[in-house]
Every structure is written in C-alpha cells, then in structure tokens.
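The values are calculated or read from the model by the stated rules, or taken from the named source; none is laboratory data. These numbers come from a predicted model, not from an experiment. Neighbour counts are summed over all protein chains in view; Cβ atoms, including those assigned to glycine, are modelled from backbone coordinates with ideal geometry.
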Amino acid sequence: MQPATVDSTTGNFRSLAVKIREAGLLERRPGYYSLKIALTIALFAAGWAALLVLGNSWDTLGVAAFLGVMFTQLGFLGHDAGHLQVFRSRRANRMLGLTVGNALVGVCFGWWVPKHNAHHAHPNQVNLDPDMGEGFVDFSSAGQRAGGRRSLGQLLAARQAQLFFPLMLFRSLGLHISGIQKLVRQRDRAAALEGVLIAAHIALYLTVVFWVLSPLKAIAFIAVQQGLFSLYLGCSFAPNHKGMAVIDADAKLGFARRQVITARNVTGGWLVTLMLGGLNYQIEHHLFPTMPRPNLVRAQSLVRAFCVESELTYCEASVLGSYRQIISHVRAVADGAFVPQGAGVA
C-alpha cells in the first residue's frame, strides 16, 4: 500500500494557525460588533423613517436606494454571525442571524448557513461548491462537459459575459425563493420560527410601502430597493472567487492550498473594507472563517508570509481589476477555452 500523499502546505499552515492564535486574532471583538450592529440598525431604521417623512413622492426612490445599501450591510452582519464571529455562543450568533437575516432582510438564515459552509469546505470545486451552481452563469464549463444545455441555456451561455451584471439584479429574488423552498421542505419548529419571521418581514415591508406610496410609486420603490440590494450584494461576493482557480470534482488538495488558490483579495483600504463588509480579505477569511471581521487586516502580514513560504500565489486586485478578471474568465468558459484543475496534490 502506498503512503498517503500529504500536501506540502499542511505543516506551514499549522505554524500559521499557532501564530494567529497567539496573536489573539481569533478572539471575539464585542466592542466593535456592538457599535457596528447599533449603527447599522439605526441607519436602517432612519431609512424607513425617511420614507414616512417624504410620503407619496418620487423622492422616495432615493430612500429605496439607501435601503438597498442597508439591506446588504445587514447581510454582512448575518454573514459574520453565520461564521460565529460575533459572539462566543452559537445560540447568540443564531439569534443575530435570524434578526438581521429573516426579520430585517427577509432571507432565510437557516438555509444560507449550511449552504455557505459547504462553499467554504469546497470553494470553486465542481459539483461540490453550491455557489458554482447559482444563477445562469457557468464558471466551470461543467455544463458543456456534462452533455450541453438546452436552447435557453445555450443562449445565456453564449452571452453570459454581457449578462453577468444584469443578472445580479435578480440575486435577492433567488435568495428569497430558495430560503422559502427550504423551509417548506423542512417543516419543523426551527423552520416554523424562521417562516414566521420572514412572513412578518414581507407583510410589514409591503404594508408600509403600499400605505405610504401610490401603487406605481410603490412598485418602483420595491424595484429600486431590491434591485440595488441584489446588485450590491452580488458585486460584493463576486470578486471573492469568480475568475479564480476552479478545482475538478475529483481533485485532492490540502485545506490551505484549496482556500488560497481559489480566493482573491480586493485592495482599496478602509473604504473598500466598509463597502465589502470585510470580504475584501477573502484569503484570510477562508483560512480562518471564525476570525472576527476587524481582525482580518491584522492577520494579512502573517498570511502573506505563509503564502510566500508555501509557494502559493497571494492574489490581490482592485475592485475594477477583479471584475475585469471575472469577465475575462466568463468569456473563456463561454468559448470552451477553460478547463478546471485536475486531481492530485500540487
């Protein structure tokens, strides 16, 4: 029997993990999150108050755009809660996730967490990363290799580079529908609680909007608010992995290697960190998913050194540069010029 092959990065990653823990970078940051949660919810509430003050006016479309941004910022808090970054207690993190996710945004937290954890376990791996099967855009060419698509799929595949950003406008709709479908299938006490919170969100959202605005203005408000929420959310997550290495379904890679080669950081300083909810430090986040958001920047120098020592490329790009890489990758997939990385340990 041949001995199992060990990824060469494994030993270095163990050393990195010790340094990260000794530096206190996995410790919770209650002060940061208390202020962040309070400010985000206060701004969210201020947006709805502005709608009531402006009344039945087209000026409320500006409020709709603002609330689209705040929905996404609340989503970032739900992301952190899903990774247990905020509180020490799993229960407390779940309660935060249900509050910002189900009650305030209308997205099923209980559906999203296991789906996102599966992504973290197998980032950009064909048939294993659930994020690779979302929407109409194919990032792996698996659809063509699996026997082709039907006419609508072929049409979309041929134009997926041009449709990449327009399709982002429907991302929130997919999140809402997928979460509700999961709750309907689950049918237990946890699903009932989440269902009640989402139903309350939908009822209150629609009641306020249609009570304040005329039907035409209300429909325009919802379109702008949900559309911007979708676009902002999609454009925040896309730079993380889209256009990076895609791993074949049978590939056997060590944990650290698979996380680094499939992730991209986004440069730009504190403003980009604010706008992307800390997801711009994607390499650090994937190596240490429970690390609180404000500690990711402090871990960067240690992770860079680890990548140099392990001969792994530490990928960084500007916001616009990351989108250029994504579109170039999508075009290569559409042209059949892209093949996922094969099996084996590099």
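Table for the structure above
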quantity: Residue in region 86-103 that is of a type in the set (D, E, K, R) and touching a helix residue (DSSP H, G or I) at 6+ places or on another chain (Cβ under 6 Å) present; calculated: no
quantity: First in region 173-192 and free of Cβ contacts under 8 Å to residues at least 60 places away in the same chain, second anywhere and crowded, with 16+ Cβ neighbours inside 10 Å and among the hydroxyl-bearing types (S, T, Y), Cβ under 8 Å, 6 or more apart; calculated: L173/S230
quantity: Candidate set from region 3-56 (those that are part of a helix (DSSP H, G or I) and touching a Ser or Thr at 6+ places or on another chain (Cβ under 6 Å)); member that is nearest to T313 (Cα to Cα); calculated: N12
quantity: Residue within region 69-79 that is closer than 30 Å to S214 by Cβ, polar (S, T, N, Q), surrounded by 17 or more Cβ atoms within 10 Å (Cβ to Cβ) and in contact (Cβ under 8 Å) with a residue 60 or more places away in the chain present; calculated: yes
quantity: Subset of region 41-97 [among the β-branched types (V, I, T) and either farther than 20 Å from P292 by Cα or modelled with pLDDT under 95 (or both)]; calculated: V53, T60, V63, V69
quantity: Among the residues listed as A81, A103, the single one being assigned to a helix (DSSP H, G or I) and over 15 Å from the mean Cα position of the chain (by Cα); calculated: A103
quantity: Long-range neighbours under 6 Å by Cβ, at least six apart or interchain, first residue part of a loop (DSSP other than H, G, I, E, B) within region 115-128, second surrounded by fewer than 15 Cβ atoms within 10 Å (Cβ to Cβ); calculated: V126/A249; N127/A249
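Here is a yes/no grid of residues against (1) modelled with pLDDT of 95 or more; (2) of a type in the set (S, T, N, Q); (3) more than 21 Å from V69 (Cα to Cα):
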| site | (1), (2), (3) |
| --- | --- |
| N240 | no, yes, no |
| M244 | no, no, yes |
| I247 | no, no, yes |
| V260 | yes, no, yes |
| R264 | yes, no, yes |
| G269 | no, no, no |
| F288 | yes, no, yes |
| R293 | yes, no, no |
